[in-house]
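Data block below; observations after.
The values are calculated or read from the model by the stated rules, or taken from the named source; none is laboratory data. All values reported here derive from a predicted model rather than from experimental measurement. Don't worry about glycine lacking a Cβ; one is built from the backbone with ideal geometry, like all the others, and counts go over all protein chains shown. These accessible areas exclude ligands, DNA and RNA; they are computed on the full protein's heavy atoms, side chains included. Shrake-Rupley method; radii C 1.70, N 1.55, O 1.52, S 1.80 Å.
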Amino acid sequence: MGSLETPTTTETNGSATPAVTSNGGDHKPPVTANGAPLSSTDSRMVMAQESEATRKRRASMLPLEVGTRVMCRWRDGKYHPVKVIERRKMHFGGPNDYEYYVHYTEFNRRLDEWVKLEQLDLDSVETVVDEKVEDKVTSLKMTRHQKRKIDETHVEGHEELDAASLREHEEFTKVKNIATIELGRYEIETWYFSPFPPEYNDCLKLYFCEFCLNFMKRKEQLQRHMRKCDLKHPPGDEIYRSGTLSMFEVDGKKNKVYGQNLCYLAKLFLDHKTLYYDVDLFLFYVLCECDDRGCHMVGYFSKEKHSEESYNLACILTLPPYQRKGYGKFLIAFSYELSKKEGKVGTPERPLSDLGLLSYRGYWTRVLLDILKKHKGNISIKELSDMTAIKAEDILTTLQSLELIQYRKGQHVICADPKVLDRHLKAAGRGGLEVDVSKLIWTPYKEQG
């Protein structure tokens, strides 16, 4: 996504405003109506009047209304377009002293945040438009096909929601309630709203026990809890151990509180996730890094115990401190290894988050390219599905995106030129961490029963 250049700013009454520069860098002094230059005294008066007019115009804008669009200085020092989602009065200050919760329109909602007035460029304020009226007027000008295309573009990660449900979801979750969490040795900035119990509504930071996932309001509570907590790993069966990596299977019915706490935690980083309070129907696979202090959660995926749609994964999350290390693809690969043990093909539950979709596309691409290269393309989609446990539809869409498949005489034919495969493999990058199947000791849930 593009970013805007940083305007040169000067500080005026505590708020950043763009400095005025003339074309070409040549300073032109103020002149009278007939073109004669003003005296220095007159120039100062004109500038004072302009400054006063600017100050009054800005004062008339404040406080900014919800829905206002304006430029905001972000952490990169540059100005980006934002929309004001919410506002709150500051405890100490005048009648117009507010903080504003803004959404950066170029970026994902996970970057929404509270900002102070001095971060906003008030000269860039756009008139607030009633969006319901705007939507109605716009929809009258569009064909049904055009409107569907726009809806598909804007409802990323919420494909299962209709327009009314999406509006309700965004209204209910528009402001992050928890700003940061402490989990083990990490303090992590949250991304999204999570519906913690009402007694935690006034907490900007929560403290999690990294083993049982109980959460507390204060550091002292966590310290007292840690002295009494006996757990040093998730409360389930260890089904995989390779080096320092370990995977635990946690039954939501046997460990209900842990399952619910894991869902609360995950919702802070997953926008699309539906929070299930009834965790009895799910198994949670929690990946950990192990050392002499215990097994520290890296991420997890969940799956239904019985899925009629052949879903082998319901939710997937790698915690932010552990991202970009190959753990996401490891979790995906692990879910398919479980499907192979079950003798089934699998597919993830939709919709996928934006990061989840990227991880899956990367995994499918790498796995399929490796097999096609080994078999020199002489293999069918069904054979690929049997070998990988990947659903045929996912194989088809992946090969189509790579332009490795054609439709001939009523059937799909794989066209795998070795040079094209090598080029795609190079673009796909490294495969990430591999699952050592010999270290997996697991019995499918159906057989456990």
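What the table shows:
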| item | result |
| --- | --- |
| Any hit, segment 391-409, residues being touching a helix residue (DSSP H, G or I) at 6+ places or on another chain (Cβ under 6 Å), open to solvent by 60 Å² or more (accessible area, probe 1.4 Å) and within 30 Å of PHE284 (Cβ to Cβ) | no |
| All positions within segment 225-240 that are over 30 Å from the mean Cα position of the chain (by Cα), open to solvent by less than 50 Å² (accessible area, probe 1.4 Å) and of a type outside the set (A, V, I, L, M, F, W, C) | HIS225 |
| One residue from LYS391, LYS374 being within 27 Å of SER310 (Cβ to Cβ) and under 27 Å from the mean Cα position of the chain (by Cα) | LYS391 |
| Residues being modelled with pLDDT of 85 or more and more than 19 Å from the chain's Cα centre (by Cα) - total across segment 91-103 | 4 |
| Members of segment 410-436 found to be touching a helix residue (DSSP H, G or I) at 6+ places or on another chain (Cβ under 6 Å) and in a helix (DSSP H, G or I), listed by number | LEU421, HIS424, LEU425, ALA428 |
| Only listed residue being charged (D, E, K, R), part of a loop (DSSP other than H, G, I, E, B), at pLDDT 90 or above and under 19 Å from the mean Cα position of the chain (by Cα), chosen from GLU106, GLU65 | GLU106 |
| LEU355 open to solvent by less than 40 Å² (accessible area, probe 1.4 Å), within 25 Å of ILE188 (Cα to Cα) and assigned to a helix (DSSP H, G or I) | no |
| Given (1) in a helix (DSSP H, G or I); (2) farther than 30 Å from MET297 by Cα, number of the condition ASN378 does not satisfy | (1) |
| Enumeration of residues in segment 109-129 that are of a type outside the set (S, T, N, Q), more than 16 Å from the chain's Cα centre (by Cα) and not in a loop (DSSP other than H, G, I, E, B) | TRP114, VAL115, LEU117, GLU118, LEU120, ASP121, LEU122, ASP123, VAL125, GLU126 |
| Total residues in segment 252-300, condition within 24 Å of ASN108 (Cβ to Cβ) and assigned to a loop (DSSP other than H, G, I, E, B) | 9 |
| Candidates PHE215, PHE208, PHE193 - the one that is open to solvent by 10 Å² or more (accessible area, probe 1.4 Å) and either at pLDDT 95 or above or among the basic types (Lys, Arg) (or both) | PHE215 |
| GLU249, sole failed condition from (1) part of a helix (DSSP H, G or I); (2) closer than 19 Å to LYS305 by Cβ; (3) not hydroxyl-bearing (Ser, Thr, Tyr) | (1) |
| Residue count for segment 75-105, restricted to those that are touching a residue at least 12 places away in the same chain (Cβ under 8 Å), open to solvent by less than 40 Å² (accessible area, probe 1.4 Å) and out of contact with any Lys or Arg (no Cβ under 6 Å at 6 or more places or on another chain) | 8 |
| Some residue of segment 337-344 being touching a Lys or Arg at 6+ places or on another chain (Cβ under 6 Å) and at positive phi | no |
| Sole residue being modelled with pLDDT of 95 or more and not assigned by the TED database to the domain that holds VAL413, chosen from LYS391, LYS303, LYS329 | LYS303 |
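Table: residues versus (1) crowded, with 16+ Cβ neighbours inside 10 Å; (2) of a type in the set (Asp, Glu).
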position	(1), (2)
PHE269	yes, no
HIS272	yes, no
ASP280	no, yes
GLU304	yes, yes
SER307	yes, no
ASN312	yes, no
ILE316	yes, no
